[in-house]
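To start, the structure itself, in structure tokens.
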Amino acid sequence: MGEQRAAQATGLDRWLDVRGIQLHFKEWPGEASEAPFVLVHGLSSNLRTWEGLADLLSASGHRVVAVDQRGHGLSGKPETGYGFEEVTADIRELIGALGFRRRPIVAGQSWGGAVVLDLAALNPGLASGIILVDGGFMELSSRPGATWGRVSVELRPPQLAGTPRSEMLERMRRFHPDWTDEGIDRTLGNFEVLPDGTVRPWLTLDRHMQILRAMWDHRTSQLYARVEEPALLCPAARGDPARVALKREGVAHASAALPRARVHWFEDTDHDVHVHRPNELARVILDSVADGFFKG
């Protein structure tokens, strides 16, 4: 199927056949003279979670593309092919097809951060810089006492299919009382709404576990030295103090190993930094563009 377009309130919906899979993405306009951005979401998420940030970057003159990764949102959902080799190839080929006049800055959140790190390490010169939003600086296997058996149980997603959308909405509001209504609505985009008013995750359990296994096997620490482009790390600090301390160690290691790195901690901020603090994240990113950090 060829490329399709449909106007939306924020961004323009598009689809592109990439390696036999229909990838859904949204695009925001910008000036050719400004660096474009490509935004990559996390596990079991969707591109709409980037809309607040994308609006702000576009308003500052940057062309922005946010993509639903395979198996997620409105993109194609093959039964297999969820390792890093496949998902990074999707992003690489999408970037190649978009005809950017300047090399993009590529941002990823959570699992998407690891995807972006992998993309940059294996494709030097593809991007002008990368942004790791609370992801890409931790290895699941480095968790204290971690084994694949334990991780596969602890991080297995809860059974949410069949939950009424109204109940899911209220649950999200309770979990995230300081998120905006727009942020909650965009996060609800992680789910397909069925005719009976219930939801189910776009990403099936089997595909979720395939990605989780790929994350377990992934060694981010072996990739840092291979990244040639500037890297902006945007970790979040909220929740269990022991896990935050472990994250601080991981960020310190990553920033020391990356050839050129800058770190901005988002204190008292949820894992979904781009949903929780889009204005602050946009300010940090745009300041780094303005002061020449991404020019190398």
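Numbers at a glance
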read-out: Residue in the stretch 213-226 that is surrounded by fewer than 20 Cβ atoms within 10 Å (Cβ to Cβ), in contact with a helix residue (DSSP H, G or I) (Cβ under 9 Å, 6 or more places away or on another chain), farther than 21 Å from Ala146 by Cβ and not aromatic (Phe, Trp, Tyr) present; value: yes
read-out: Members of the stretch 84-103 found to be surrounded by fewer than 13 Cβ atoms within 10 Å (Cβ to Cβ) and among the acidic types (Asp, Glu), listed by number; value: Glu85
read-out: Entirely in the stretch 4-120, the strands (runs of 3 or more DSSP E) that have 1 or more residues that are under 22 Å from Ala254 (Cβ atoms); value: 37-40, 105-109
read-out: Sole exception among (1) under 25 Å from Phe294 (Cβ atoms); (2) under 18 Å from the mean Cα position of the chain (by Cα); (3) buried (at least 17 other Cβ atoms within 10 Å of the Cβ); (4) in contact (Cβ under 8 Å) with a residue 40 or more places away in the chain for Arg63, by number; value: (4)
read-out: Scope the stretch 204-228; condition part of a loop (DSSP other than H, G, I, E, B), over 20 Å from Arg143 (Cα atoms) and out of contact with any Pro (no Cβ under 7 Å at 6 or more places or on another chain); matching residues; value: Thr204
read-out: Flag for Leu74 being surrounded by 22 or more Cβ atoms within 10 Å (Cβ to Cβ), under 27 Å from Leu212 (Cβ atoms) and touching a strand residue (DSSP E or B) at 6+ places or on another chain (Cβ under 7 Å); value: no
read-out: Per-region count, the stretch 183-203, residues surrounded by 15 or more Cβ atoms within 10 Å (Cβ to Cβ) and in a loop (DSSP other than H, G, I, E, B); value: 2
read-out: Sole exception among (1) at pLDDT 95 or above; (2) crowded, with 20+ Cβ neighbours inside 10 Å for Gly81, by number; value: (2)
read-out: Tally of residues being more than 13 Å from Arg277 (Cα to Cα), under 19 Å from the mean Cα position of the chain (by Cα) and of a type outside the set (S, T, N, Q) across the stretch 167-191; value: 5
read-out: Long-range neighbours under 9 Å by Cβ, at least six apart or interchain, first residue of a type in the set (A, V, I, L, M) and surrounded by 24 or more Cβ atoms within 10 Å (Cβ to Cβ) within the stretch 40-52, second at pLDDT below 95 and in a loop (DSSP other than H, G, I, E, B); value: Leu47/Gly11
read-out: Verdict on Ser45 being of a type in the set (Gly, Ala, Ser), under 14 Å from the mean Cα position of the chain (by Cα) and under 20 Å from Asp118 (Cβ atoms); value: yes
read-out: Conditions (1) under 30 Å from Ser288 (Cβ atoms); (2) assigned to a helix (DSSP H, G or I); (3) of a type outside the set (Val, Ile, Thr): number failed by Gly149; value: (1)
read-out: Exclusive hit being out of contact with any His (no Cβ under 6 Å at 6 or more places or on another chain), of a type in the set (A, V, I, L, M, F, W, C) and closer than 24 Å to Leu23 by Cβ, set Leu205, Leu169; value: Leu205
read-out: Boolean, Val263 is modelled with pLDDT of 95 or more and either buried (at least 18 other Cβ atoms within 10 Å of the Cβ) or closer than 23 Å to His176 by Cα (or both); value: no
read-out: Enumeration of residues in the stretch 65-98 that are under 15 Å from Val116 (Cβ atoms) and among the β-branched types (Val, Ile, Thr); value: Val65, Val67, Val87, Thr88, Ile91, Ile95
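The values are calculated or read from the model by the stated rules, or taken from the named source; none is laboratory data. Please read all numbers here as calculations on a predicted model, not as lab measurements. Cβ: placed from backbone, ideal geometry, glycine included. Neighbour counts: every protein chain shown.
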